[in-house]
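First up is the structure itself, then whatever we jot down about it.
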């Protein structure tokens with residue numbers, strides 16, 4: 001700890017922290033352990049008094065600092081950050097931290113790694129506890145990354161620091177303490193996800209109701225994902241559009257009327273580690289969107305109607321709308337709407353080579369007509 005942080009600790013009337021932190025600083029009667037589940041309310045209840053909070057080395061990286069400063073005024077707090085676990089790990093390995101992906105997986109699903117893995121990638125991840133190391137190694141091996149190198153690092157920066165190296169496939173480490181971080185070096189070859197939209201249909205859970213890969217690529221291009229932007233995926237089917245939108249950095253709400261398809265959407269959320277970015281809503285359109293957070297973009301893959309369009313026209317000006325149609329009736333509707341609201345119409349015809357007897361021939365898919373428009377940009381009489 002720096003001299004400034006030591007002085008603040010000495011002057012504190014109350015010290016909040018985990019039991020381990022409180023013991024390390026000999027907090028004694030001044031010590032107050034965090035409630036379980038974690039809650040900052042006890043700290044806020046002592047506003048106006050000298051209170052010290054012991055957090056991670058960097059309290060604003062998955063630490064209590066960010067939670068507290070959202071509520072406290074600028075003059076009510078001071079921060080004395082120490083060395084983060086990521087810096088400690090990188091210093092041991094000699095890795096350039098700017099070239100490393102740093103993730104907090106102590107309170108997030110390990111499947112969230114899926115979109116972060118690429119050939120020769122280096123990652124440093126915090127984990128929940130020692131048991132999570134075996135979970136991580138098993139997940140990597142099942143995903144085809146058994147050759148990934150893992151450094152298991154415990155209690156970094158202190159007298160009990162311990163570092164052991166293994167591979168995902170051969171990991172059998174025991175007696176791993178709760179203060180654990182893992183560093184990963186991924187192999188140069190492996191079943192990594194492509195970075196481009198239109199990923200293979202086979203990687204998604206679906207019952208055949210899925211926007212096919214080439215159409216999905218064109219659709220994502222029309223939707224133009226942006227970091228943290230919110231998508232409404234209406235008539236979501238498998239939720240593949242939402243998944244790809246989130247992998248591009250956005251957030252999504254997948255709305256599906258059929259209960260039997262909700263399981264596939266939830267499975268895709270879990271398999272791609274998107275629980276914090278994507279959620280599923282079961283309900284019929286347009287009623288199901290009545291209370292949703294306003295979107296930045298809307299995709300309609302099924303269930304488009306004049307009634308739904310009437311609801312969508314109340315969205316904020318500038319909302320991007322993309323509608324894919326395969327029926328003549330819906331095609332006629334979007335054609336009429338394009339005349340009134342503007343935007344562009346695109347017809348997509350795809351054919352794939354399939355066996356034809358002992359030879360091959362083209363098997364055509366149903367044509368898809370896509371209407372793309374920025375709501376409020378054009379209104380004709």
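Please treat every number below as a calculation from the coordinates, not as lab data. Bear in mind that the values here come from a model prediction, so they are computed numbers and not experimental data. All Cβ positions, glycine included, derive from the backbone under ideal geometry; neighbour counts span all protein chains shown.
For the reader, a short list of remarks on this structure follows.
- Order of 102, 246 under a 10 Å beta carbon neighbour criterion, fewest first: 102, 246
- For the pair residue 193 and residue 267, the difference between a 0.36 nm per residue extended length and the Cα-Cα distance amounts to 24.9 nm.
- In the elastic network of the chain, a GNM with C-alpha springs shorter than 10 Å, the most mobile of 86, 204, 38 is 38.
- Helix-only mean residue ellipticity at 222 nm for the chain, each DSSP H run of n ≥ 4 adding -39500 (n - 2.57), per residue, nearest 500: -7500 deg cm²/dmol
- Computed over segment 3-76, relative contact order equals 32 percent, with contacts defined as Cα pairs under 8 Å that lie 6+ residues apart.
- Likely footprinting exposure, 186, 1, 262, fewest C-beta neighbours within 10 Å first: 1, 262, 186
- Applying 1/(1 + (r/R0)^6) with R0 = 45 Å to the Cβ-Cβ distance of residue 135 and residue 307 gives a FRET efficiency near 0.45.
- As a calculated quantity, the FRET efficiency between residue 329 and residue 142 at R0 = 35 Å, using C-beta atoms, amounts to about 0.20.
- Among 29, 308, the order by Cβ neighbours within 10 angstrom, fewest to most, reads 29, 308.
- Mean-position separation - Cα centroids, segment 47-96 and segment 290-346, in angstrom: 45 Å
- Share, in percent, of DSSP beta bridges within the chain that are antiparallel, nearest 5: 55 percent
- Label-point separation in nm, residue 77 to residue 47, each point 7 Å along Cα→Cβ: 1.3 nm
- Equivalent ellipsoid of segment 294-366: semi-axes from √(5λ) of the C-alpha gyration tensor, largest first, are 34, 13, 11 Å.
- The mean sequence separation of alpha-carbon pairs under 8 Å and at least six residues apart, normalised by the residue count of segment 231-365, gives a relative contact order of 20 percent.
- Normalised by the number of residues in segment 85-185, the average gap of Cα pairs under 8 Å and 6 or more apart makes the relative contact order 31 percent.
- C-alpha long axis of helix 213-223 to longest principal axis of the chain, angle in °: 80 degrees
- With kT/(6 pi eta Rh) evaluated at 20 °C and eta = 1.002 mPa s, and Rh the Kirkwood radius from Cα pairs, segment 201-374 diffuses with a coefficient of 130 µm²/s according to Stokes-Einstein.
- Contour minus Cα-Cα distance for residue 258 and residue 170 (0.36 nm per residue): 27.4 nm
- Computed lengthening from residue 24 to residue 97, 0.36 nm per intervening residue step minus Cα-Cα distance: 23.5 nm
- GNM result for the chain, Cα springs below 10 Å: residue of 331, 244, 354 fluctuating most strongly: 354
- Under a Gaussian network description of the chain, with springs only between Cα atoms under 10 Å, the residue in 118, 185, 341 that fluctuates furthest is 341.
- Axis angle, to the nearest 10 degrees, between helix 259-271 and the longest C-alpha principal axis of the chain: 40 degrees.
- Using the alpha carbons alone, the radius of gyration of segment 85-185 stands to its Kirkwood radius in an Rg to Rh ratio of 0.92.
- Cα long-axis angle, helix 131-142 against the chain (0 to 90 degrees, to the nearest 10): 30 degrees
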